[in-house]
Amino acid sequence: MIGRRWRPELGLAVVVLVLGVLVVVGTLEVSAAASQLGIGPRFFPMLVGGAMVLIGLFYVADVLRGGHGDPEESEDVDAAAPTDWRSLALVSGIFLAFAALLDLLGWIVGASLLFFGLSVALGAEHRLRAAVIAVVMGVATYLLFVNGLGVNLPNGVFAL
Amino acid sequence: MTSFQLLLDGFAAALTPVNLLYALIGVTLGTLVGVLPGIGPAMTVALLLPITFTVPPASAFIMFAGIYYGGMYGGSTTSILLNTPGESSSMITALEGNKMARRGRAAQALATAAIGSFVAGTIATALLVVAAPAVVSFAIAFGPEDYFALAVLAFTAVSSVLSRSVVRGLASLGLGLVIGLIGIDQQTGQARLTLGIPQLLDGIDVVIVAVGLFALGEALYVASRLRHAPPEVVPVGRAWMGRSDWRRSWLPWLRGTALGFPFGALPGGGAEIPTFLSYAAEKRLARGVAREEYGKGAIEGVAGPEAANNASAAGTLVPLLTLGLPTSATAAILLAAFQQYGLQPGPQLFDHNPALVWGMIASLFIGNAMLLVLNLPMAPLWARVLRVPRPYLYAGIVLFAALGVYALNGTVVDLFVLYVLGLLGFAMRRFGLPVAPAVIGMILGPMAEIQLRRALAIGAGDVSVLVRSPIAAVLLALSALALLTPLFRKLLARRGLAPAPRGED
């Protein structure tokens, strides 16, 4: 029964509902010294949390009754294609690895690897060309933003 | 001083060589990023926001004005030359524009879009000069309950009008409001919803939310269902148009401007409804050749909607500058840019910072003229930008997203927050939740709370204070009506009228 009714969008609807509950519960933990008139730090979050619970219930009901949102259309998106979970996981993994290793590798190495990994994951055919562009991007952004605009980016272990 | 004198002072400030250079950088970057497929005006502004932090406020806003208008120009080029649906505000342009391009009239389509955008942008910016002081003198008497009601109207209007399903629009709004709650409460210093993570005490930066929902969200979404066929870009030379094209374009430009400006200024109006209305109006008014060509690439169907699109961009600035009220996702990010400099748009901004406001408005005129010069001869270059292989394009978008977010605070924690928001952006796209309400909720939510608490403090806890002022009562009634739009839409559909198009930016 549940299996037949399960649709991925239900997941998002439940997230909205649960988030509403979490906001209400989380707000209860805020000590309310200044809330004699109901206008302390808890009032507005309670309002938002309560509204979210209500919206979440309506959303879940809508999905269960067969309502669905249309996937957004965009220039490079094939809206009719099934979700390519492998690409999605690859892109996610590469980005998270980049975030975890950035301070160690430094911007130039980290960003070059990020660009190379993502372009190959998204289907770049010439590996060598992708690698060259990646290094150019890493070095160019570093020079432009650190030396040109005074932004702080990590040097990492391969400091220049 | 009259606003005309103030505007002249603004021109004096904007016309210095350094500020002209910033304006030029702004329009060039805005167009370049706006042309890139998959990047709408809101994402353009969000991605380029961190760059402006390195320059002084007056110059930053001049640059920003250029980016804002440049992003609008760039989007129309994409929709004319690329045979795929793009962001909603320029989707209407694509209907006739792409067909014109495929019949070998790409140069004329681009020319009428660029010149129409210039005409509409100039007229609408002039209307902004006239309207802004009037709204300011009206809004100076607004109390906190009026501002709260305005925010509520913006919330409900953007959630219901811009989305096909009200519950999805509201869900998006709620997500934004919750993100806006995270951090220390400004008035009492209490930590809220921080999950005990110290980095969340300052709240989540607007740049991270915008870049996450727009840039990373889009990249993940594209990764999940990339169109593998190479993009079909219509080749084009220098943009130009002949005498008959001018004759057929000028009236649609003016009509488009008249539709676009007021809709842009209304909460929930945005660019989608006026561009659609302009398209429909031109279709109905078409006679002779135009009537035969409509549906196969009529220049009127490009001229009108493009003018409406740009006029609405200027209209959006009226409530943004005078009331601090964003009516579109792009405007919400502009508001965030003001807040980054500790400035709060509203009547006081015109009082305390006239040089900055009028310098920005003057640079809208200047940027618009620059864009015309930039766009007509450079069309072939933009067409080449459209051919960038998609793997490199999206790898680059993610790279710049990470760069902008890391540069904010220099901590990798922000990159993980960015990823979570990117996933949220992906899910919202995948399931058709509009992104605009979330961005507006996140940015306007904290301000709505402050006004609500002020109003209730004045009323000593009596809730009826919220409707005591007639303005607030009317605005709240309109908000309630906005939530009932699906009913109206059903009634209209039953009468055989087409429903309004769905929107995003």
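No value in this document is a laboratory result; all are computed from the given coordinates. Predicted, not measured: the structure shown is a model, and the values here were computed from it. Using ideal geometry, Cβ is built from the backbone for each residue, glycine included, and neighbour counts are taken over all protein chains shown.
Structure above, values below:
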| quantity | calculated |
| --- | --- |
| Vicinal HN-Hα couplings computed from phi for region B:189-194 (Karplus, 6.51 cos²θ - 1.76 cosθ + 1.60; Hz; Gly/Pro x) | x, 7, 7, 10, 6, 8 |
| Relative frequency of Cα-Cα separations exceeding 30 Å in chain A, percent | 51 |
| Region B:239-249 - phi-based ³J(HN,Hα) in whole Hz, Karplus 6.51/-1.76/1.60, Gly and Pro as x | 6, 7, 8, x, 4, 5, 5, 4, 4, 7, 9 |
| Selection from B:Leu415, B:Ala286, B:Leu226 lying farthest towards where the dipole of chain B points positive, charges on Cβ | B:Ala286 |
| Cα coordinate range in region B:1-100, projected on the principal axes (Å, largest first) | 48, 31, 19 |
| Over 17 Å [Cα-Cα, region B:210-320], rounded percent | 65 |
| Degrees separating the helix B:144-161 axis from the principal Cα axis of chain B, which is the longest one | 40 |
| Span-like helix ranges in chain A, DSSP H, alpha carbon extent 18 angstrom or more, Kyte mean at least 1.6 | A:8-28, A:43-64, A:85-105, A:107-121 |
| Projected area averaged over orientations for region B:299-404, convex hull of C-alpha atoms, nm² | 9.1 |
| Alpha carbon convex hull of chain B, volume per residue in cubic angstrom | 145 |
| Farthest toward positive dipole pole in the protein assembly as shown [+1 Lys/Arg, -1 Asp/Glu at C-beta], among B:Met447, B:Ala311, B:Gln5 | B:Ala311 |
| The protein assembly as shown - convex hull of the alpha-carbon atoms, volume per residue in Å³ | 158 |
| Charge dipole magnitude, Cβ of K and R +1, D and E -1 - the protein assembly as shown, Cα centre, debye nearest 20 | 1880 |
| Estimated Rh, region B:386-505: Kirkwood, alpha-carbon pairs, angstrom | 19.1 |
| Acute angle (nearest 10 degrees) that the helix B:17-35 long axis makes with the longest principal axis of chain B, alpha-carbon atoms | 70 |
| Alpha carbon centroid spacing (whole Å) that separates region A:92-160 from region B:353-394 | 27 |
| Selected from B:Ser363, A:Leu122, A:Gly50, residue furthest toward positive end of dipole (the protein assembly as shown; charges at beta carbon) | A:Leu122 |
| Whole-angstrom gap from region B:198-247 to region B:37-52, using each part's C-alpha centre | 8 |
| Size of charge dipole - chain A - debye, nearest 20, with Cβ of Lys, Arg +1 and Asp, Glu -1, no other charges | 420 |
| Estimated vicinal HN-Hα couplings, Hz - region B:279-291 in sequence order (Karplus 6.51, -1.76, 1.60; Gly, Pro = x) | 4, 5, 5, 5, 5, 5, 7, 5, 10, x, 4, 4, 5 |
| Between 0 and 90°, nearest 10: helix B:485-494 axis offset from chain B longest Cα axis | 30 |
| Largest-first ellipsoid semi-axes for region B:55-176, taking √(5λ) over the Cα gyration tensor eigenvalues, angstrom | 33, 23, 14 |
| For region A:88-160, radius of gyration divided by Kirkwood radius, i.e. Rg to Rh on alpha-carbons | 0.99 |
